[in-house]
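The structure appears below as structure tokens.
The values are calculated or read from the model by the stated rules, or taken from the named source; none is laboratory data. Please read all numbers here as calculations on a predicted model, not as lab measurements. Note: ideal-geometry Cβ built from the backbone for every residue, glycine included; neighbour counts use all protein chains shown.
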Amino acid sequence: NREHHIAVEINNLLQNSLDVTLGGMELAFLTMNIKSHNREVDINRIPGIILSHGYSTASSIADAANKLLDCYIFDAIDMPLGVSSEEIVKKIKDYINKKGNFNEIILLVDMGSLEDIYK
């Protein structure tokens with residue numbers, strides 16, 4: 001589920017940054033803590049993705065927007081210029097599967113070539 005995925009991502013960040021690895025029980029407690037916290041969050045928020053060509057363009061825009069809004073709204077998908085439409089669609093589908101259930105999504109793109117990916 002989504003909370004377990006978040007806990008695994010946190011574990012990966014801890015491993016990469018601090019060389020600390022959570023055990024199975026610690027990971028389970030972290031997952032339950034995140035699940036408990038998420039009940040308090042409005043589940044009807046519409047997720048947003050900024051999709052842009054370049055190695056960190058979307059990430060920079062999303063970071064600036066989230067800081068200006070003082071709220072985490074936008075995730076980013078950075079794409080090298082040579083990436084195919086199929087790869088872009090796969091990244092978006094993976095994002096949607098990880099993010100969970102929602103009825104709508106905000107997708108902001110930087111170029112006309114990305115406007116047709118909804119097909």
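Details
- Which listed residue, of V109, V89, V83, is in contact with a strand residue (DSSP E or B) (Cβ under 6 Å, 6 or more places away or on another chain) and at pLDDT 80 or above: V109
- Number of the exception - L13 against (1) modelled with pLDDT under 90; (2) of a type outside the set (G, A, S); (3) in contact with a strand residue (DSSP E or B) (Cβ under 6 Å, 6 or more places away or on another chain): (3)
The rows are residues; the columns are (1) among the aromatic types (F, W, Y); (2) loosely packed, with under 13 Cβ neighbours inside 10 Å.
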{"site": "P47", "(1), (2)": "no, no"}
{"site": "I50", "(1), (2)": "no, no"}
{"site": "Y55", "(1), (2)": "yes, yes"}
{"site": "S59", "(1), (2)": "no, no"}
{"site": "L68", "(1), (2)": "no, yes"}
{"site": "C71", "(1), (2)": "no, yes"}
{"site": "A76", "(1), (2)": "no, no"}
{"site": "P80", "(1), (2)": "no, yes"}
{"site": "S85", "(1), (2)": "no, yes"}
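- Of note, A58 does not satisfy the criterion of being in the same structural domain as I105 (by TED's automatic domain parsing) and over 21 Å from K98 (Cα atoms).
- Complete set of residues in the stretch 64-94 that are outside any helix (DSSP H, G or I), out of contact with any helix residue (DSSP H, G or I) (no Cβ under 7 Å at 6 or more places or on another chain) and either of a type in the set (A, V, I, L, M) or not assigned by TED's automatic domain parsing to the domain that holds E104 (or both): L81, V83
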